[in-house]
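Peer 1: Sharing a structure, written as structure tokens. Questions coming.
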Amino acid sequence: MSTTQPPPPSADRRAKRRASDHDDLPDTNLIDTPLPVAPSSVAIPAVLLAGAGRLDAFDRATAQLADTAAALLRAGGEFLGFQLEEEIGRGGYGRVYLARQADLAGRQVALKVTLDAAGETRALAQLQHQNIVPIYSFHQAGPFQAVCMPYLGRTTLVEVVRTVRNRASLPRSGRELQSTVARRGGTALEVATAPPSGVGTPEPTLGWERVSELPYPDAVLILAGELADGLAHAHARGILHRDLKPANVLLSDDGRAMLLDFGLAEDTKRRGLGVAPVVGGTVPYMAPEHIDDYRLGRLNLDARCDIYSLGVILYELLTGRHPFPMRLGDSADVLLESAADRRGPAPALRPFNPAVSPAVESLVRTCLAPEPADRYQTAADLGDDIRRHLAHRPLRHAANPSAGERVRKFARRWPRLASAGAVAGVALLLLGGGLAAAGVARDRSRALEARGRLAEHDIAFRDAQLFLDDRQRSWPALDDGLSRLRGVLDRYDAAGDDNWLSSPAVRSLPAADGERLRQDVGETFYLMAQVALLKAGAVADATERGLELDRAAAWNERAERFAGDRLPRAVREQRAALLALRGSPLPVEAPPEPGSARDRFLFGAQLARGGRHRDAIPHLTEATRQDPSNLSAWFVRGTAHLALEQNELAAVCFAACVALRPDFAPAWQNRGVALARVRQFPAARADYDRALDLAPTRGEVYVLRAGLRDAAGDLKGAHDDLTAALAAGVSPVRVHFLRAAVRDRLGDTAGAAADRAAGLTLTPADELSWVARGEVRKARDAAGALTDADAALKLNPTSAPALQLKAHLLAEHLNRPADALVVMDRAVGFHPDYVRARAGRAVLLARGGRRDAAVQDAKAALLLDTRGPNLYQVACVYALTTATHPADKPEALRLLAAALRAGFGQQYVEADPDLAALRGDAEFQRLLATTTGPRPAPRP
């Protein structure tokens, strides 16, 4: 259950424009027209990932760059000794100009002007390769930095992708690549046809002749091989590009593919040296682990993320389409969905381009394997396979799925042996190996598919688990949670018989993953049984209640079946509760102690949901120690700490949730609650803001933020938040009453009256709204208020606020103290650590003359809470018992004095009937005089 925010911070504009800008221009992109092919790169500095701050300074600097550029950086102008001839590209954080360098005989260069090029310069200074755009020099003037590079052309692979995508049919030869460069005006300007002095040139290129007459797939592979060579050179020096996409690949005028824009590159040699590289990239070209790193703020990438990005580019060039849905933006939902898209095997290429051979398809899909271990392990291996294919040799590092293609390659390599008989003989020799290779490829494909499905299961399972932890136990929420849990089972058809365990999707998993999946299914059935038990407790009809108990029993049995060798204590106790409800309790036996992290979590969560927070915390603490990645365990532990007012520990737990899953709004929300309780109001406000960034319709956060604004005197802001909460549909009855109180203080009497009328007229739909209406009605309509409390308890039989309200009505308004005590017994039974229930029951027991039981509850309440309200209530307990036990008077006076010093009770102390036994005491009169001050004369 959430009580209630910062998302991953917004993208660091020092590196890239936000992805939602829908602009594929990078900082060093050498093209001049925005092209909606993919979102721009997004980035977050690692040092900011723990907070909610935004880089306003960089945003201001971006605006400054734009203003300066508009005023100074114009064609025909001069900047840092360079004569600017033409703007040939721009991105979110830089502009690129065709320029002439005056102090070097006016040589033609590309000049990139930006506000932060130091990181890119450090990376490029270590790289000298014919397929990486080098730098001539680095210049700085105030906040502006300029990188001088050789001018090699203005065409990037974005132009090729656009051309291929817009054609009625895919290109047939590499001549299309050359014609794209020609259309971009590549021959109209002077071209540096060789790298600058000092740049390595292992092999001279043959220009366009090497690709123009080749079939289009082979021409694309030529370029891909060059990029693989450039990546291998960078990777060997510890440099990861991390933002490879068509816009960051220059197709030079002389026909070379060259890597550019190392603005997001990471020098892995600097890891552990206190350097905080930028976490980022371009989402549609990110590998799944890259998306996870960006989403979770980790820095665990290696060279295989660049290989995946190159695979996406290859897929686009060869098919004219992106391999995955093009989801725009970098919101939490987009990131999760994009990662899920990539968890399964990449789609085939040949249905979209029959000219792609089976080996080329295997090569591309190996680049796009969801698991890094299944990809090419190095860019050198990828380059090797590309060269082998172009030389008509079988692939060495990826599967060769087609025996026929291997035969054709053999024939091309040995044309003299290519007679019909020779080819037939070779075909027979290769057939066995081809079939075996096909079998290996099929097994590998099944394994990849199984892993993808397991990754999707993990997301669905955690979401269902967290959904049940987060929501109030209203009937619609229970139905929604049950639907999510059924969705977890549906992924493996596990809701019916046990045949799912022998399905290929399960058998293809490693043994450890298969065992974990089986236990996940068992836990899912356990949670479904919990939902059914909650529903059974909320229905009055005996038949319907019996049906829910039957469902719970059936699901509990399935949970036991998949629990493993050792039955979790939570499942065992769930079964005991079911049998007890049916009048057939289990024989008394010592329950097993929870052992595994999962067992500890389930049992701790069961205790917490039953209100036994203090008992739950040791189990939940051990669960988080054994399995620090269990988000649900951290979340439930945090709610248990909140229930016990252990707010600092709660904040730590929700911070762990935020670290594990920055897009989970309830964790931000609840951390805000914990911080607000320890009076860290600005931090709490930031967390609430972040929760609303992630989930703008999460109305409860508006209510919480309204409370902060109200306390700070911002009544207008509180009013606006409560209005937003109403628009979000959260607890309209309760929010109307809250807004009425704010409107009263704003002087809007008519608006306050309208809110109260609406609150009393509307039918509450959730537990807290029934309680809120009951609180408003209790002074004038106690019987109606009691009906409201019972309605809340129907939705949630364990509701602490509803039980508290009902007991108060029975004791204070309806003169039914015995019935009130029964209700408080239920409240303490459900929530033994809920101090208001414990102290409230102590008062009722003391009024009834049950001194020993009352004092026992009073002492327990003091152990739980020593703040003013509780001190005052326990003082009332001892004041009541003074009538029969005079020795209790000093304790009553001591506690009352402590409460008054803490600032609570001044408005009640003079007239409270529970304090009647103290009124004649001199010490009481002294307390009264020192705390209430002079009383006004009575009105005539």
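Peer 1: Check GLN519 against each of (1) in contact with a helix residue (DSSP H, G or I) (Cβ under 7 Å, 6 or more places away or on another chain); (2) under 30 Å from ALA792 (Cβ atoms) and name the one condition it does not meet.
Peer 2: (2)
Peer 1: Which residues, counting only those in region 301-329, are touching a Ser or Thr at 6+ places or on another chain (Cβ under 9 Å) and crowded, with 21+ Cβ neighbours inside 10 Å?
Peer 2: Across region 301-329, the qualifying residues are LEU301, ALA303, ARG304, ILE307, SER309, GLY311.
Peer 1: Counting only residues that are closer than 29 Å to LEU170 by Cβ and part of a loop (DSSP other than H, G, I, E, B), how many does region 320-343 have?
Peer 2: Selection size over region 320-343: 11.
Peer 1: Take PRO618 and tell me if it is under 26 Å from ASP865 (Cβ atoms), touching a Ser or Thr at 6+ places or on another chain (Cβ under 7 Å), at pLDDT 85 or above and not β-branched (Val, Ile, Thr). Talk me through it step by step, then tell me what you get.
Peer 2: Values: under 26 Å from ASP865 (Cβ atoms): yes; touching a Ser or Thr at 6+ places or on another chain (Cβ under 7 Å): no; at pLDDT 85 or above: yes; not β-branched (Val, Ile, Thr): yes.
Spelling it out, it is not the case that PRO618 is under 26 Å from ASP865 (Cβ atoms), touching a Ser or Thr at 6+ places or on another chain (Cβ under 7 Å), at pLDDT 85 or above and not β-branched (Val, Ile, Thr).
Peer 1: While we're here: Can you tell me which residue in region 712-724 is surrounded by the fewest Cβ atoms within 10 Å (Cβ to Cβ), limited to those that are at pLDDT 90 or above and under 14 Å from TYR688 (Cβ atoms)?
Peer 2: Ranking the candidates gives ASP714 first.
Peer 1: Right, next: Looking only at region 730-745, decide whether some residue is more than 25 Å from HIS808 (Cα to Cα), among the aromatic types (Phe, Trp, Tyr) and either modelled with pLDDT of 90 or more or more than 36 Å from the chain's Cα centre (by Cα) (or both). Give the steps one after another, and end with the answer.
Peer 2: Let us first name the residues in region 730-745 that are more than 25 Å from HIS808 (Cα to Cα), namely 730, 742-745.
Still in the list and also among the aromatic types (Phe, Trp, Tyr): none.
Looking for residues that are more than 25 Å from HIS808 (Cα to Cα), among the aromatic types (Phe, Trp, Tyr) and either modelled with pLDDT of 90 or more or more than 36 Å from the chain's Cα centre (by Cα) (or both), one finds none in region 730-745, hence no.
Table: residues versus (1) aliphatic (A, V, I, L, M); (2) outside the structural domain of PRO215 (by TED's automatic domain parsing); (3) surrounded by 15 or more Cβ atoms within 10 Å (Cβ to Cβ); (4) modelled with pLDDT under 60.
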{"residue": "ARG406", "(1), (2), (3), (4)": "no, yes, yes, no"}
{"residue": "GLY432", "(1), (2), (3), (4)": "no, yes, no, yes"}
{"residue": "LEU435", "(1), (2), (3), (4)": "yes, yes, no, yes"}
{"residue": "ALA441", "(1), (2), (3), (4)": "yes, yes, yes, yes"}
{"residue": "VAL488", "(1), (2), (3), (4)": "yes, yes, yes, no"}
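Peer 1: Filter region 738-773 for residues that are in a helix (DSSP H, G or I), buried (at least 18 other Cβ atoms within 10 Å of the Cβ) and touching a Pro at 6+ places or on another chain (Cβ under 9 Å) and give the result.
Peer 2: GLY759, GLU767, LEU768, SER769, TRP770, VAL771, ALA772, ARG773, listed by residue number.
Peer 1: Can you confirm whether LEU533 is crowded, with 19+ Cβ neighbours inside 10 Å and out of contact with any strand residue (DSSP E or B) (no Cβ under 7 Å at 6 or more places or on another chain)? Let's see the steps before the verdict.
Peer 2: On the way: crowded, with 19+ Cβ neighbours inside 10 Å: yes; out of contact with any strand residue (DSSP E or B) (no Cβ under 7 Å at 6 or more places or on another chain): yes.
It is true that LEU533 is crowded, with 19+ Cβ neighbours inside 10 Å and out of contact with any strand residue (DSSP E or B) (no Cβ under 7 Å at 6 or more places or on another chain).
Peer 1: If you don't mind, there's one more thing I want to ask. Looking only at helices (runs of 4 or more DSSP H) that lie completely in region 166-273, which have at least 3 residues being charged (D, E, K, R), modelled with pLDDT of 90 or more and in the same structural domain as GLU86 (by TED's automatic domain parsing)? Reasoning before the result, please.
Peer 2: Working: elements: 175-183, 209-212, 216-236.
Hits in region 166-273: 216-236.
The values are calculated or read from the model by the stated rules, or taken from the named source; none is laboratory data. Just so it is clear, the structure is predicted and the values come from calculations on it, not from any experiment. Here the Cβ is made from the backbone with ideal geometry for all residues, glycine too, and neighbour counts use every protein chain on show.
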